[in-house]
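What follows is a single structure, written as structure tokens, with notes after it.
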Amino acid sequence: MAACLGDGDHTTVTRGWYLALLALFGLLALVFYYPLALVLSMAFKGPNGWSFSAIESVITDPYYVHLILFTVKQAAYSTLLSLGIGLVGAYILARYNFPGKRTIRSLTVIPFVLPAIVVALGFILFFGNSGYLNRTLMSLFGLPHPPFRILYSLVGIVLAHAFYNAPIVMRVVGASWEGLDPSIDEAAQSLGVGRWRRFIGITLPRLMPAILSSSALVFVFTFLSFPIVLTLGGARYATIEVGIYTLVRTLLDYNHGAALILVEIVISLSFTYLYLRTEGRMAIVTQGSRRMPQRALFALPVDAGKVLIALYALLMGVFFLGPIVSIIIDSLHSAQSWGIANYAQLVSQRYSPFLGTSPLATVRTSLIIGSLATLASLLVGMTIAFFVVRAKIIGRWAIEAALMAPLAVSSVAIGFALLRGLSGPPLRLGGTLVAIIIAHAVLIYPFVVRVLRPILEGLDVQLVEAARSLGSSRLHAFLDIELPLLRRGLLVAAVFAFALSMGEMSATIILIRPGLSTIPIAVYGLLSARQFGAASAMAVVLIAVTAIAFISIDRLGGRRLNA
Amino acid sequence: MKRAIWLMLVLLICVSPFLAAREKIVVYTYDSFVSWGPAAALKEAFFKKYDCDVEYVTAGGGKATLSRLIAERNVGETNADLFMAELNDVPRIAKYDLFLPVTSDDIPNLASVPANLLATGLSGFVPYEYGYITLTYDAQAFVTQSPPATLEDLADPAYAGELICEDPRTSSTGFSFLLWTIAHFGEDKYLDFWRSIHNSLLTITQGWSEAWSLLTHNEAPLMVSFSTDTAYAAMSGDPLRYRAYAPGGEGYRTVYGIGVVKGTHNAKLAKEFIDLLLSKQIQELIPKTEVMFPVNTNATLPQAFKRYAIVPQTVLSIPLDVVGKKMAQWLHAWETVIIQP
């Protein structure tokens, strides 16, 4: 770490910076650029050497074209639904005051905590043809058939994606909305401009950067989504990710798999670029000193708006809590009786054949991977964040883009790249624990950079300079001043990194070899064999382990996190 | 102090002891062989006889496990000694030359297997059970209405969202069903059939176990399965709720076999494992646990199995060399149709 800080003035380029950059690129070359290049080069190969046939068939063959179009379509629908749900929530957060508001806002980090495979499980248990929702409605109204047959289709996928991503919209747009200066709005009101016209003409344009930025983020997330589509879509509703998975894991058709990865990267890069641009622009929007006036939600008079909000809250309560509560209920229910039998069986060897290892070993593996991947991604992420914020260097923008490249590559693609790139020389790691840790670290460090960057930008450089002028060495200045100031950011980053690693399934399932299993892989294994009770128990274990990690890091930091 | 304790805890969890290794053979198989089949009894019998442990590894269905094996072999890192698969996957295996040849000198019990079953066209691949792919329905869901009488009837809107089948790219059962539709409708018509049943499908699962669990969790009342499903219910003394039947009197032949993986350090033990699998003792477990027909002619069948296991009047099958030549083309045509009705 010290190397990246260099000697002398930290705002100019020093030998230290170059060394740090060189080391970083060397590392990334080994674990990211080289493996990815190796895989992408396969896209240009056919049975008889170099050829464009794989790429040509991926962009002309009806199967692949449909796969690509369906991926864009489901991502667009998912983004729209997430926006719809999220914007209403953002409005309520911005304009109303109510007890528990802070808690609700904290709960919007759920997407980072709940692994997609757990969400998929919750959806099957709650929205399935014989899920809790349908069974309840059938017994309430004496229906002969389940009223909602939505799960194994586009609708099911879009709903699950909205569950995941609406909170992101709510959070990002809500924060922006709350900070809007009400002066212009009030001026327009005094001139007699109607409520809707004020919203369309004044509020909406000022919210646009936040809306665009969160939409682009949600689009990229749902475009690259894998476990949810794999579990709910079956063979008929497959996306590019599922296509790549089937090609490289089952059909062993690496050339078409690589060509599909290439197409996917091009599309997701375009949207990542859009996201980063709108995010940059959003920072320019000036916020007034005054904040939007907020009304008390639980006070008289009760108007139509409040009734609608109550309805919204009820629907959202069912939508968001239903799947999670279903998992917990199911985990406590087995063979017509209640109890902890499902958990007891996790300790026994009964499920070992499905997992290739014992469930307890699975938990241990996940913890090892999670801790080491967190550590590695923090080191790399912090170095990059320092570079991005502090170094003045020609072409910094390009270097930054190159360093953040994993953000635009899907997890399945990274898993596949590492499977190929790490199996041969120079590193012979195959599907070992080390390979999985590397994959997680590569996937996670861009998120660490994103958490640390704004904090570093807000850090007062003069403090460090003052310390230096008083004779403190650069290393001491870092250890004594910057690190303590960064502590909260590092803790938040560590929590996210750990949670992301614990929930990672896409790259892991490509890489992992028999005899090794992580908690999400185990949930998927049990889910595939439809051992719902055991899968639920395993999912609850995953949620619990992640929650304990949150609390532990919170304790270690000695202060409450307000991510 | 507190920090130190937290850190110690993390370290403790990470550095837990590893078990000492003992002699074992590794069998790559499919999930239902482990969850339903004679896997446990076989393991126990093998341990008793040869003092050697058996480790089963599955990656889901037979095809998923096969892909894993081939991928591992390609990078030279597999620890599989034995591999089990469905016969129609053989064309894929043949290309990779995965198996050691075996003779009846290595495996005396081969003498009890009929020659027509052994003629798989691939040396080293030994059949240990066979059966027929048919349809299975939930009798509780078909009270007033009857299940589709023929494959053609599956397209009837009355069965909207009621059929579960398996992905032929990932499931051996699913692949057999695809081959059945090709044998039944012909190469130029089978895609029309798949288009016609789009609305009848609930979902296409990755493997048979997933589909069976959806059926038994009431997600849908009809699935592509084995002709022996009724016999299974009868043998377990259950009410005959899930019943197999051959639509139009038809079914598709399915054969499961096992081979010794080239490069194994345990070739002798592996061959002894196959011999044990073909023995009368284990073969008599095949109908009870795998609910398939045993290949050993000396094995006696349970009464309920004899009574309820269906042998379709017309058993379809496509020659393996044709499957080998056309496989990739058929699968790609299928996946193209299935995602865009």
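Going by average Cβ neighbours within 10 Å, how do the peptides A:124-130, B:143-149, A:364-370 rank, with the highest at the top? Numbers along the way, then the final one.
On the way: A:124-130: 23.9, B:143-149: 13.1, A:364-370: 21.6.
The peptides rank, most packed first, as A:124-130, A:364-370, B:143-149.
Given the rule -39500 (n - 2.57) for each run of at least 4 DSSP H residues, summed and divided by the residues of the protein assembly as shown, what is its mean residue ellipticity at 222 nm, to the nearest 500 deg cm²/dmol?
Numbers: 43 runs with 526 residues, N = 904.
Result for the protein assembly as shown, helices only: -18000 deg cm²/dmol.
Convex hull over the Cα atoms of the stretch A:61-306, averaged projected area in nm²?
Result: 17.3 nm².
Among A:Leu191, A:Ile327, B:Tyr30, which residue has its Cα positioned farthest towards the positive end of the charge dipole of the protein assembly as shown, with +1 placed on the Cβ of Lys and Arg, -1 on the Cβ of Asp and Glu, and the dipole taken about the Cα centre?
Working it through, the farthest residue towards the positive pole turns out to be A:Leu191.
If you project the alpha carbons of the protein assembly as shown onto the principal axes, what extent comes out on each, in Å, largest first?
91, 64, 57
Place a point 7 Å from Cα of B:Arg195 in the direction of its Cβ. Which residues in the stretch B:325-340 have their backbone N less than 20 Å from it?
Those under the cut-off are B:329-340.
Take the Cα of A:Trp196, step 7 Å along the line toward its Cβ, and report every residue of the stretch A:88-108 whose backbone nitrogen sits under 18 Å from that point.
Once the point is set 7 Å along Cα→Cβ of A:Trp196, A:88 turn out to lie under 18 Å by backbone N, inside the stretch A:88-108.
Checking the cross-link filter: which lysines have an alpha carbon closer than 17 Å to that of A:Lys306, excluding same-chain neighbours under 8 positions apart?
A:Lys101
Length gain on complete extension for the stretch A:Ala187 to A:Thr136, per 0.36 nm per residue less the alpha carbon to alpha carbon distance? Show your work: numbers first, answer last.
Details: separation 51, 0.36 × 51 = 18.36 nm, distance 5.10 nm.
So the extension gain works out to 13.3 nm.
How many Cβ atoms of partner chains, on average, are near each residue of A:229-238 if near means within 10 Å of its Cβ? Let's see the in-between values first.
Details: counts 0, 1, 2, 1, 3, 13, 17, 10, 4, 5.
So the per-residue partner count for this stretch is 6.
When you look at the Cβ of every residue in A:516-528, what mean number of other chain Cβ atoms sits within 10 Å? Kindly include the intermediate steps, with their values, before the conclusion.
Values: counts 0, 0, 0, 0, 0, 0, 0, 0, 1, 4, 0, 2, 10.
Shielding by partners across A:516-528 averages 1.
Quick one: which of A:517-524, A:380-387, B:113-120 comes out on top by average Cβ neighbours within 10 Å, and what's the full order, highest first? Walk me through the numbers before you get to the answer.
Numbers: A:517-524: 27.6, A:380-387: 23.4, B:113-120: 12.6.
The densest-packed peptide leads the list: A:517-524, A:380-387, B:113-120.
Nothing charged except the Cβ atoms of Lys and Arg (+1) and of Asp and Glu (-1): what's the magnitude of the dipole of chain B about its Cα centre? Round to the nearest 20 debye. If you can, show how the numbers build up before the last one.
Values: 27 positive and 36 negative charges, 147 e Å.
For this selection, approximately 700 debye.
Which of the peptides A:188-201, A:486-499 is most tightly packed, and how do the rest follow, going by the mean number of other Cβ atoms within 10 Å of each residue? It would help to have the intermediate numbers written out before the result.
Working: A:188-201: 11.4, A:486-499: 21.9.
Output ranking for A:188-201, A:486-499: A:486-499, A:188-201.
Using 0.36 nm times the number of residues separating B:Ala158 and B:Ala40, minus their current alpha carbon distance, what extension gain do you get? Intermediate values should be presented prior to the final figure.
Working: separation 118, 0.36 × 118 = 42.48 nm, distance 4.22 nm.
Full extension from B:Ala158 to B:Ala40 adds 38.3 nm.
For B:Lys325, give me every one of the lysines with a C-alpha distance below 17 angstrom, ignoring sequence neighbours fewer than eight places off in its own chain.
B:Lys95
Evaluate the Debye formula for the stretch B:119-199 with equal point scatterers sitting on the alpha carbons, no solvent, and hand back log10 of I(q)/I(0) at q = 0.22 Å⁻¹, in q order, two decimals.
For the requested q values the scattering log ratios are -1.18.
In nm, to one decimal, how far is the modelled label at B:Ser236 from the one at B:Asp188, with both set 7 Å along Cα→Cβ?
4.5
Run the numbers for A:Ala29 and A:Leu485: contour at 0.36 nm per residue of separation, minus the present Cα-Cα distance, in nm. Can you show the working numbers first?
Values: separation 456, 0.36 × 456 = 164.16 nm, distance 3.15 nm.
Separation in residues times 0.36 nm, less the Cα-Cα distance, equals 161.0 nm.
For the stretch B:185-275, what size does the Cα cloud have along each of its three principal axes, sorted from largest down, in whole Å?
Sorted largest first, the three principal extents are 51, 43, 25 Å.
Averaged over peptide B:185-197, how many Cβ atoms belonging to another chain are found within 10 Å of each residue's Cβ? Each step should come with its number before you reach the end.
Values: counts 0, 0, 0, 0, 0, 0, 0, 0, 0, 0, 0, 0, 0.
Counting Cβ atoms of other protein chains within 10 Å of each residue's Cβ and averaging gives 0.
Treating only the Cβ of Lys, Arg, Asp and Glu as charged (+1, +1, -1, -1), what charge dipole size does the stretch B:245-341 show about its Cα centre? Round to the nearest 20 debye.
The calculated dipole for the stretch B:245-341 is roughly 180 debye.
For A:Trp50 and A:Leu107, what is the calculated FRET efficiency with R₀ set at 41 Å and r taken between the beta-carbons, to the nearest 0.05? Could you put the intermediate results ahead of the total?
On the way: r = 52 Å, r/R0 = 1.28.
In this case the efficiency is close to 0.20.
Between the stretch A:74-133 and the stretch B:131-156, what's the alpha-carbon centroid distance in Å?
39
Which lysines, on any chain, are close to B:Lys268 with Cα under 23 Å apart, when same-chain ones fewer than 8 places away are left out?
Of all the lysines, those that pass the test against B:Lys268 - Cα under 23 Å, at least 8 places apart if same chain - are B:Lys24, B:Lys43, B:Lys48, B:Lys49, B:Lys280.
With a 1.4 Å probe on protein heavy atoms only, work out how much accessible surface B and A bury together, total over both chains, in Å² to the nearest 100.
Numbers: alone 16010 and 25650 Å², together 37330 Å².
Protein heavy atoms only, the B-A interface buries about 4300 Å².
Give me, ordered by chain and number, the residues 5 or more places off A:Arg236 or on other chains with an amide H under 5 Å from its own placed amide H.
The list, which skips near neighbours in sequence, is B:Ile204.
Return the distance in nm (one decimal) between the two label points of a simple spin-label model at B:Ala149 and B:Glu77, each offset 7 Å from Cα along Cα→Cβ.
Using points 7 Å along Cα→Cβ, the separation is 5.7 nm.
What percentages make up the Cα-Cα pair-distance distribution of chain B when the bins are 20 Å wide from 0?
Percent of pairs per bin, in order: 29, 54, 15, 2.
Students often get this wrong: which residues of the stretch B:118-137 have the backbone nitrogen under 18 Å from the point 7 angstrom along Cα-to-C-beta of B:Thr297?
Under cut-off, by backbone N: B:118-120, B:127-131.
Once both labels are modelled 7 Å past Cα along the beta-carbon direction, what's the B:Lys326-A:His476 spacing in nm?
8.2
Size of the dipole of the stretch A:61-306 about the Cα centre, Lys and Arg at +1 and Asp and Glu at -1 on the beta carbon, nothing else charged, in debye to 20?
Values: 20 positive and 10 negative charges, 165 e Å.
The calculation lands at about 800 debye.
Under 20 °C and 1.002 mPa s, how fast does the stretch B:60-204 diffuse according to Stokes-Einstein, given a Kirkwood radius computed over C-alpha pairs? Answer in µm²/s, whole number.
Details: Rh = 18.0 Å.
For the chosen part, D equals 119 µm²/s.
Positive end of the charge dipole of the stretch B:224-281 (Lys, Arg +1 and Asp, Glu -1 on Cβ, about the Cα centre): tell me which of B:Ser279, B:Tyr252, B:Met235 has its Cα farthest that way.
B:Ser279
Give, as a single signed number, the net charge of other residues whose beta carbon lies under 10 Å from the beta carbon of A:Leu247, with Lys and Arg counted +1 and Asp and Glu -1. Don't skip to the answer; put the middle values down first.
On the way: positive: A:Arg249, B:Arg169; negative: A:Asp253.
That works out to +1.
Please report the carbon-and-sulfur percent of the accessible area for the protein assembly as shown; probe 1.4 Å, protein heavy atoms only, DNA, RNA and ligands left out. Walk me through the numbers on the way to the answer.
On the way: 23920 of 37330 Å².
Answer for the protein assembly as shown is 64 percent, counting heavy atoms of protein chains only.
The values are calculated or read from the model by the stated rules, or taken from the named source; none is laboratory data. None of the values given here were measured: they were computed from a predicted structure. FYI the Cβ positions are ideal-geometry reconstructions off the backbone, even for glycines, and counts take in every protein chain you see. Quick note on the areas: whole protein, heavy atoms, side chains included, nothing else; ligands and nucleic acids left out. Shrake-Rupley method; radii C 1.70, N 1.55, O 1.52, S 1.80 Å.
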